[in-house]
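Okay, structure first, notes after.
Every number in this text was worked out from the coordinates using simple rules, so none of it is lab data. Predicted model, so just to flag it, every value in this text is computed and none were measured. Note that each Cβ is placed from the backbone with ideal geometry, even for glycine, and that neighbours are counted across all protein chains shown.
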Amino acid sequence: MTNTPPIFDCKTPDDVKKAVKEHNINFIQFWFVDVMGTIKNFQVMPQELEEAFEEGMGFDGSSIEGFSRIHESDMVAFPDPTTFQLISWRPTEYPVARMFCDIKTPEGLPYEGDSRYVLKRILNKAAEQGLSYYVGPELEFFLFANSQEPKTLDVGGYFDAPPLDLANPIRRDIILALNNMGIEVEYSHHEVAPSQHEIDLRYQEALKMADISVTYRVLVKEIARKHGVYATFMPKPLFGANGSGMHVHQSLFRGNVNAFYDPEGEYGLSQMGRSYIAGLLKHAREYTAVTNQWVNSYKRLVPGYEAPVYIAWAKRNRSALARVPMYKPGKEAATRVELRSPDPACNPYLCFAVTLAAGLKGIEQNYELPAPVEADIYDMHHEERMTHGIHNLPGSLYEAIEEMASSTMLKEALGDHIFDKFIENKRIEWHNYRIQVTDYELNKYLPLL
């Protein structure tokens, strides 16, 4: 029988110090992300914890993407004791823990380039109205033989079982490792494309879920590596197959009451719920650069591969951008909207922040929700879509960045620093991409022109 590692419920620095001592934890990793959502970390010894909690741990922010300029580079990381957990893929005989950090200036002020702070700020805005924001993302991923080429491991499809699905042991170990860090999993399965998988996480308050999403991506890669394979959250690694999405189920609660539900409301939605969804639709083109932040993201957002392309909502129609899933009778608390456009390679803190900001803007301005579109939008002609008022999501990173750059809502939500740094980074990425000469061009044009 193997020993199950402890799951901690720390609330204070003293709780953390006690856990470290009792479980003989050797190192504590301090985690945070850069503006693109890439995880960064450094580790401290147990004897450094006292100072870390009281004064923070300084580091050079000028080397972190989207952080400081060289002449204002000093940053301070303050660990959040509520995020303390053992790292479940590390050897148990040399236990290592992690905590997420809030980044501050040397003056002790929240650093405006900290993605976690951006989400906290939007959550506080909702809290001022008595609202809590919950999300449940579905992060899909591929398993390949290595990181050099997208060589699939199986030919399985949606919900296939072994022998078509050859990754059951890998998903099992991922789920056990998640559970050992206190992360609840609802279910897992093989997805539509070969070697594509999905593990659905139980919904949580948005800040906790953003931390969990970052942990999930690291954990999936580490468990895959232990099995001698490579896991990727790249949105579209295979030509002619479905890409990987991160459908984000989201809802607002007032206390224990789901603020989206109203049995007397149109579609079973409250006025708040309808206006929130209307906000997601109205501002979709503006926030797409954040929810789909890579050049490759737009290879997924094309018709025919189950990814949303058109801005509409529905109750059953999965070709729409947003969907309100049906709930079982007596489960009205499950009323939520599923935003289907984000992909799992985004920065989850910024993704959750901008979608909440869009929904809150809809509530503040009392946006009117258009009628749902239950017909298959992919089958509609352009004129028919225009009749229904259905517009497209941006078709490229360039188009998405231009939409973002003109958005006052996005600038307000992200703050000037991250707004400007994000756009600057993405414009460089687009420039570097557009000057490439691809195999497609060589194969098609070199023999012809």
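Using 1/(1 + (r/R0)^6) with R0 = 22 angstrom and r between the beta carbons of GLU128 and TYR267, what's the FRET efficiency to the nearest 0.05? E(calc), rounded to 0.05, equals 0.20. For LYS221, a cut-off of 20 angstrom between C-alpha atoms picks up these lysines, skipping any fewer than 8 places away in its own chain: LYS40, LYS151, LYS236.
When PHE352, PHE141, PHE30 are arranged by Cβ crowding within 10 Å, least crowded first, meaning fewest neighbours, the order is PHE30, PHE141, PHE352. Arranged from fewest to most other beta-carbon atoms within 10 Å of their beta carbon, THR105, THR288 become THR105, THR288. Distance between the C-alpha centres of the stretch 144-186 and the stretch 349-414: 33 Å, rounded to the whole angstrom.
Per-residue packing, averaged as other Cβ atoms within 10 Å, sorts the ranges 303-315, 426-438, 384-396 into the order 303-315, 384-396, 426-438, beginning with the highest. Measuring max minus min along each principal axis, the C-alpha atoms of the stretch 171-255 give extents of 45, 29, 19 Å (largest first).
Partners of LYS331 within straight-line reach, counting aspartates and glutamates whose Cα lies under 13 Å from its Cα and excluding those fewer than 8 residues away in the same chain: ASP262.
Here is the list for the stretch 1-69: trypsin sites (Lys or Arg not before Pro) lying in DSSP coil, each with at most 13 other C-beta atoms within 10 angstrom of its C-beta, are LYS11, ARG69. Distance between the 7 Å Cα→Cβ label points at TYR445 and VAL218: 4.3 nm.
Spin-label model, ASP416 to ARG254: label points 7 Å out along the Cα-to-beta-carbon direction sit 3.6 nm apart. In units of the compact-protein estimate 2.2 N^0.38 Å, the chain shows a Cα radius of gyration of 0.99. When the chain is treated as a GNM with alpha-carbon contacts under 10 Å, the residue of GLU264, GLU374, GLU364 showing the greatest mean-square fluctuation is GLU264. Once the C-beta distance of ILE435 and ASP60 is scaled by a Förster radius of 30 Å, the resulting FRET efficiency is 0.45 to the nearest 0.05. Counting neighbouring beta carbons within 10 Å and listing from fewest to most, the residues GLU205, GLU138, GLU149, GLU286 come out as GLU149, GLU205, GLU138, GLU286. Between GLU51 and ILE428, the FRET efficiency from the beta-carbon distance, with R0 = 45 Å, is close to 0.75.
For LYS411, the lysines whose Cα comes closer than 19 Å to its Cα, not counting residues fewer than 8 places off in the same chain, are LYS120, LYS125, LYS282, LYS361, LYS421, LYS426. Tell me, how many Å apart are the Cα centres for the stretch 278-333 and for the stretch 50-66? If you average the Cα positions of each part, the centres end up 37 Å apart.
Which of GLN204, GLN250, GLN293 moves most in a GNM of the chain, Cα contacts under 10 Å? Sorting by GNM fluctuation, first place goes to GLN204.
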